[in-house]
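Asker: Just dropping this structure here.
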Amino acid sequence: MRKFSILLKQLYFQKLRSKTFILMTLLYIGIITVVMFWSDIKAIFVNDEAIEVAIVNETTVDLAPIFASSDDVNFKFPNNDVKPLYEQLKEEKLDAVIHVTEENKNLSADIATYTPLKLNDQSTISSMLQYAGKIYGIGQLNLTAQEADQILNSEPVITMTNLNETVADGKSEDQKEAGMFASYVAGIVIYFFIMAFLSMITTDVANEKGSRALEMLLVSVKPSTHLQSKIFGVFLLALTQIGIIIAVLLTYLGFMDGGEKLDFIQSTINELSFGFVLYILGFLFLTIFLYLIIGALFGSLVSKPEEASQVMTPAVMIPLVGFYVMLSGIGNPDTLLIKVFSYIPLTSGMVMPMRIGATDISPIEPILSFIVLIVTVVAGYMLSLSFYKRSVLTYSSGGIIQKIKTVLKVTT
Amino acid sequence: MTLSLQHVVKKYKDFTAVNDLNFTIGKGEIFGLIGQNGAGKTTTFRMILDLQDQTSGTITWEGTPIKKINRDWLGYLPEERGIFPQMKVEEQLFFFGQLRGMEKSKLKKEIDFWIQRFDLEEKRNAKAETLSKGNQQKVQLIASFIHQPKFLILDEPFSGLDPVNRDLLKNAILLLKEKGMTILFSSHQMDNVEELCDHLCLLKRGVSLFSGSLLDLKKQYGKTKLTIRTDVSIEDFSKMAGIKEIKRDRDEVVITLVDESYAKPIFDFVSNGNYIEKFSLDYLSLDAIFKDKVGGDLA
């Protein structure tokens, strides 16, 4: 235990002080800062004046309440004919002219521009026109204002009842959205931390092996202690980075918009069940552990630190696949692809939380996936340990398969 | 006896790296393991250090299987040089010392002593990667014994060192011996082995050709190396009996005799009853014995 803690401390503080770790953490904080303050940053660099749009209305519908001006678009309703407005458009005094007419009991709108509109502005105007079209259609039916209002604002009351008792809880839409959000965050965390810390543990073991310091260490330290110190040291470092990022994020959220965004996060967390949070944390930590075990094993296979990236490639591809599968589930988390990947141990950490949070799956499925992950972590650890002891002192060239073959050849 | 290897065998799929190796090392003794590259020296070291399992045979330390002893009793300098490149010299020595169970206060004294002795005072706070190869080697050597192990293994400790540093290391090894440390080392430089070792084992392709005291090994060959400072030509010497090999080295003639009984007639021939400056009959050097033992039947 004493040797373990000396090795752990040495690794942790050495990496904590390393330029790579500091720069990586600053980079994450920078990205979070940019995302959180994007509108302010954009305001500094982009002169985002509202576009000027003239509406010539030749219908009986009152369009002024519908086309309310905003920070992005300023609507005018001149009484002019269209042609002089088109001249103003060419002179770039206006950005768009909308000519609204009636055609076959339908609202018809022609949007004239000289410089094409930005997609965002175009979408805003289109949605307003569609709403105006509905108002026009309702107006044609000679309804009272109350009746019209009822049609426009009526929303169905949807409740879910599942008669199959083996199927879970029957989550509300809010719960599913919160679950989707939380699992998405967990998936991103897993992905980014695997990418960063897999490479860290692999190169660290490879460096020690390449510099032959490992040979000196293993005289007084058991390979199992060394392997554990690497895994826990890097894991602790990952937790430190996660902690720093969460602290920065919460600080930003607390100060922004009078804490409005922090309230949103809190309400999202409130929607999550305790069991779901446990599952997310369980999958998160076990998946990171699994990749760290693989990373340490791969690091022990190479002879020189320069070869670390070569052996890491297959291990990096798998979380990449898992990440894209998870992204595909944002639109529809019930596909067969999602179901299959939610059981594969290397990707289940990213995919299964999404199924638990955003779909109504049987409780047995996450348990099964979790057990498969635990068994894989334990088996992976045992296998890595047995292999680690033999591979750390074997130096060979060639690809990863060749390296494994060499280790087996010279140590059995 | 402290370390004892009995019938140790290490087999891989295709070949046998070490075959029926036997030797013992006494307490506080310096023991040399010599052999060509690939003779099985490093494999033997690794088996002793429990970094590799032997296929059969026993390795014990004071009667206890080596696997069961306290690992902190051991010190090891691997053949390939390397230390933590990013760590400072002093930090490195503290790390290795503490890892092997030494207290920080005691460690501080040891580090100061050895840093001074190896002339590394100015490099105390330098990162290892910034040191010269020789200085890195000195740091790694100190790291291997800073915790005062009972048993120290040095794999090719002299390779790459200049003559000054070689002497520093040699004296350090002798000092460690004085302190009671048992040392096993390998070297290709036979003069170092000859100067330091009490006993040795000569390995060839995993097989022990000799194990015992250096003097016993030399006695096997007898006093057959004859060095004479003379003007007599090699052709004149070739008429004499019992000469196995003869060569001129500057103003001296170096002869390898079949056995030492042939020395007397040669002395009479060269001196002819007169004074001669040098006539030296001695044992063969370890280098010559090594070449004969290892290379002899390679031809």
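Asker: Of all chymotrypsin sites (Phe, Trp or Tyr not before Pro) in the stretch A:16-80, which ones are in loop regions per DSSP and have a Cβ with at most 16 other Cβ atoms within 10 Å?
Answerer: Numbers: sites: A:21, A:28, A:37, A:38, A:45, A:67, A:75; in loops: A:37, A:67.
When the chymotrypsin sites (Phe, Trp or Tyr not before Pro) of the stretch A:16-80 are filtered for loop state and at most 16 Cβ neighbours within 10 Å, A:37 remain.
Asker: Another one. Modelling each spin label as a point 7 Å along the Cα-to-Cβ direction, I'd like the residue B:58/residue A:141 distance in nm, to one decimal.
Answerer: Each label point lies 7 Å from its Cα, and together they span 10.0 nm.
Asker: If the viscosity is 1.002 mPa s and the temperature 20 °C, what Stokes-Einstein diffusion coefficient in µm²/s follows for the stretch A:168-411 when Rh is the Kirkwood radius over Cα pairs? Show your work: numbers first, answer last.
Answerer: On the way: Rh = 19.2 Å.
The Stokes-Einstein estimate is 111 µm²/s.
Asker: Give me the percent relative contact order of chain A, please, defined on Cα pairs under 8 angstrom at least 6 residues apart. Intermediate values should be presented prior to the final figure.
Answerer: Working: 477 pairs, mean separation 75.6, N = 412.
Answer for chain A is 18 percent.
Asker: How well do other chains shield peptide B:10-17, expressed as the mean number of their Cβ atoms within 10 Å of each residue Cβ? Intermediate values should be presented prior to the final figure.
Answerer: Values: counts 0, 0, 4, 5, 2, 1, 0, 1.
Per-residue shielding by partner chains comes out at 2.
Asker: Of the residues A:365, A:173, A:147, which exhibits the maximal mean-square fluctuation in a Gaussian network model of chain A defined by a 10 Å Cα contact cut-off?
Answerer: A:147
Asker: Right, here's the next one. Using only the C-alpha atoms of the stretch B:3-218, find the volume of their convex hull and express it per residue in Å³. Please report the intermediate quantities before stating the final value.
Answerer: Details: hull volume 26.1 nm³, N = 216.
Normalising the Cα hull of the stretch B:3-218 by residue number yields 121 Å³.
Asker: Please give the net charge around residue B:180, taking every other residue with its beta carbon less than 13 angstrom from that of residue B:180, where Lys and Arg add +1 and Asp and Glu add -1.
Answerer: Numbers: positive: B:27, B:150, B:177, B:179; negative: B:29, B:178.
Around residue B:180, the charge tally is +2.
Asker: At a 10 angstrom cut-off on C-beta neighbours, averaged per residue, how do the peptides A:210-218, A:342-350 rank from highest to lowest? Each step should come with its number before you reach the end.
Answerer: Details: A:210-218: 22.2, A:342-350: 24.0.
In descending order of packing, they fall as A:342-350, A:210-218.
Asker: May I pose another question? Summing -39500 (n - 2.57) over the DSSP H runs of n ≥ 4 in chain A and dividing by its residue number, what mean residue ellipticity at 222 nm do you reach, to the nearest 500 deg cm²/dmol?
Answerer: Result for chain A: -23500 deg cm²/dmol, rounded to the nearest 500.
Asker: Just to be sure I understand: of the beta bridges DSSP finds with both ends in the protein assembly as shown, what percent are antiparallel, rounded to 5? Let's see the in-between values first.
Answerer: Numbers: 44 of 72 bridges.
Bridges in the protein assembly as shown are about 60 percent antiparallel.
Asker: Excluding residues fewer than 8 places away in the same chain, name every one of the lysines whose C-alpha is closer than 28 Å to that of residue A:93.
Answerer: A:42, A:76, A:83, A:118
Asker: If you don't mind, another one. With a cap of 13 neighbouring Cβ atoms within 10 Å, and only residues DSSP puts in a loop, list the GluC sites (Glu not before Pro) found in the stretch A:89-140. Display every interim value, and only then the final one.
Answerer: Values: sites: A:91, A:92, A:102, A:103; in loops: A:91, A:92.
Here the GluC sites (Glu not before Pro) that fit, given the DSSP loop and packing criteria, are A:91, A:92.
Asker: For the stretch B:257-289, which chymotrypsin sites (Phe, Trp or Tyr not before Pro) pass both filters: DSSP loop (anything but H, G, I, E, B) and at most 15 other C-beta atoms within 10 Å? Walk me through the intermediate numbers first.
Answerer: Values: sites: B:262, B:267, B:269, B:275, B:279, B:283; in loops: B:275, B:283.
Here the sparse-neighbourhood loop sites are B:275.
Asker: Oh, and also: Under the 0.36 nm per residue contour assumption, what length would be gained going from the current alpha-carbon distance of residue A:239 and residue A:60 to full extension?
Answerer: Full-extension gain reported as 58.0 nm.
Asker: Next up: Within 10 Å of each Cβ in peptide A:214-225, how many partner chain Cβ atoms are there on average? Round it to a whole number, please. Let's see the in-between values first.
Answerer: On the way: counts 2, 12, 12, 6, 6, 17, 14, 3, 2, 1, 0, 0.
Counting other chains' Cβ atoms within 10 Å and averaging over A:214-225 gives 6.
Asker: For the stretch B:223-282, just say rounded, prolate or oblate: build the C-alpha gyration tensor, square-root its eigenvalues into a ≥ b ≥ c, call rounded for a/c under 1.5, and beyond that prolate if a/b exceeds b/c, oblate if not.
Answerer: On the way: a/c = 1.30, a/b = 1.15, b/c = 1.13.
Verdict is rounded for the stretch B:223-282.
Asker: Using a 10 Å cut-off on Cβ atoms, rank the peptides B:25-34, B:146-155, A:119-128 from the highest mean neighbour count down. Provide the component values of the computation, followed by the final result.
Answerer: Details: B:25-34: 20.7, B:146-155: 22.5, A:119-128: 14.2.
Ranking, from highest mean packing down: B:146-155, B:25-34, A:119-128.
Asker: Which of the three applies to the stretch A:48-152, rounded, prolate or oblate, going by the alpha-carbon gyration tensor with a ≥ b ≥ c and a/c under 1.5 meaning rounded? If you can, show how the numbers build up before the last one.
Answerer: On the way: a/c = 2.37, a/b = 1.69, b/c = 1.41.
Note, shape of the stretch A:48-152 comes out prolate.
Asker: Could you check which residue among B:81, B:205, B:229 shows the biggest mean-square fluctuation in a GNM of chain B with a 10 Å Cα cutoff?
Answerer: B:229
Asker: Could you work out which residue, out of B:177, B:264, B:219, moves most in a Gaussian network model of chain B, that is, has the largest mean-square fluctuation with Cα springs under 10 Å?
Answerer: B:264
Asker: Whole-Hz Karplus ³J(HN,Hα) for the stretch A:74-84, in order, using 6.51 cos²θ - 1.76 cosθ + 1.60 and θ = phi - 60°, x for Gly and Pro?
Answerer: 10, 8, 10, 10, x, 8, 5, 7, 5, 4, x
Asker: If you don't mind, another one. Divide the volume of the convex hull of the Cα atoms of the protein assembly as shown by its number of residues and quote the answer in cubic angstrom per residue. Please report the intermediate quantities before stating the final value.
Answerer: Working: hull volume 192.2 nm³, N = 711.
Considering the Cα atoms of the protein assembly as shown, their hull volume per residue is 270 Å³.
Asker: Roughly how many nanometres apart are two label points built 7 Å out from the Cα toward the Cβ at residue A:281 and residue B:103?
Answerer: Inter-label distance under the simple model: 4.1 nm.
Asker: So what are the ³J(HN,Hα) numbers for the stretch A:185-200, from phi and the Karplus equation (6.51, -1.76, 1.60; θ = phi - 60°), rounded to whole Hz, Gly and Pro as x?
Answerer: 4, 4, x, 5, 4, 4, 4, 5, 6, 5, 4, 7, 8, 4, 5, 5
Asker: Order these by the 10 Å Cβ neighbour count, fewest first: B:141, A:239. Could the numbers behind the result be given before it?
Answerer: Numbers: B:141 24, A:239 13.
Listed from fewest to most nearby Cβ atoms, that is A:239, B:141.
Asker: Moving on to the next point. Please find the FRET efficiency linking residue A:195 to residue A:402, where r is the Cβ-Cβ separation and R0 is fixed at 25 Å, and quote it to the nearest 0.05.
Answerer: Working: r = 26 Å, r/R0 = 1.03.
FRET efficiency, residue A:195 to residue A:402: 0.45.
Asker: Sticking with the crude label model, points 7 Å out along Cα→Cβ, report the distance from residue B:121 to residue A:88 in nm, one decimal please.
Answerer: Output for this residue pair reads 8.9 nm.
Asker: If you take the square roots of the eigenvalues of the alpha-carbon gyration tensor of the stretch B:121-173 and sort them as a ≥ b ≥ c, do you get rounded (a/c under 1.5), prolate (a/b over b/c) or oblate?
Answerer: Numbers: a/c = 1.87, a/b = 1.24, b/c = 1.51.
Since a/c reaches 1.5 but b/c is at least a/b, the shape of the stretch B:121-173 is classed as oblate.
Asker: Which far-off residues, 5 or more places away or on another chain, put their amide H under 5 Å from the one on residue B:158, with H placed in the peptide plane?
Answerer: none
Asker: Given the pairs B:88/B:170; B:204/B:239; A:15/A:222; A:15/B:109, which are separated by over 32 angstrom at their Cα positions?
Answerer: Values: B:88/B:170 25 Å; B:204/B:239 36 Å; A:15/A:222 22 Å; A:15/B:109 28 Å.
Over 32 Å apart, Cα to Cα: B:204/B:239.
Asker: Now a separate question. Express in nm, to one decimal, how much length is gained between residue A:246 and residue A:113 on full extension, taking 0.36 nm for each residue of separation and deducting their alpha carbon distance.
Answerer: Working: separation 133, 0.36 × 133 = 47.88 nm, distance 4.62 nm.
Going from the current span to full extension adds 43.3 nm.
Asker: Would you kindly state how much longer the chain becomes between residue B:12 and residue B:130 on full extension, computed as 0.36 nm times their sequence separation minus their alpha carbon distance, in nm to one decimal?
Answerer: On the way: separation 118, 0.36 × 118 = 42.48 nm, distance 3.93 nm.
Result for the pair: 38.6 nm of gain on full extension.
Asker: Can you spot the lysines whose alpha carbon is less than 24 Å from residue B:244's alpha carbon? Ignore those fewer than 8 places along the same chain.
Answerer: Correct list for residue B:244: B:218, B:219, B:223, B:225, B:264, B:278, B:291, B:293.
Asker: Further, regarding this structure: Taking amide H positions as placed 1.01 Å from N in the peptide plane, with prolines and chain starts having none, which residues 5 or more places from residue B:207, or on another chain, fall under 5 Å of its amide H?
Answerer: B:19
Asker: Mind listing P(r) for chain A? All alpha-carbon pairs, 10 Å bins, whole percents.
Answerer: 4, 16, 19, 18, 16, 11, 8, 5, 2, 0
Asker: Separation of the stretch B:195-248 and the stretch B:115-194 by C-alpha centroid, Å?
Answerer: Here the answer is 30 Å between Cα centres.
No value in this document is a laboratory result; all are computed from the given coordinates. What you see is a predicted model; the values in this text were computed from it and never measured. Don't worry about glycine lacking a Cβ; one is built from the backbone with ideal geometry, like all the others, and counts go over all protein chains shown.
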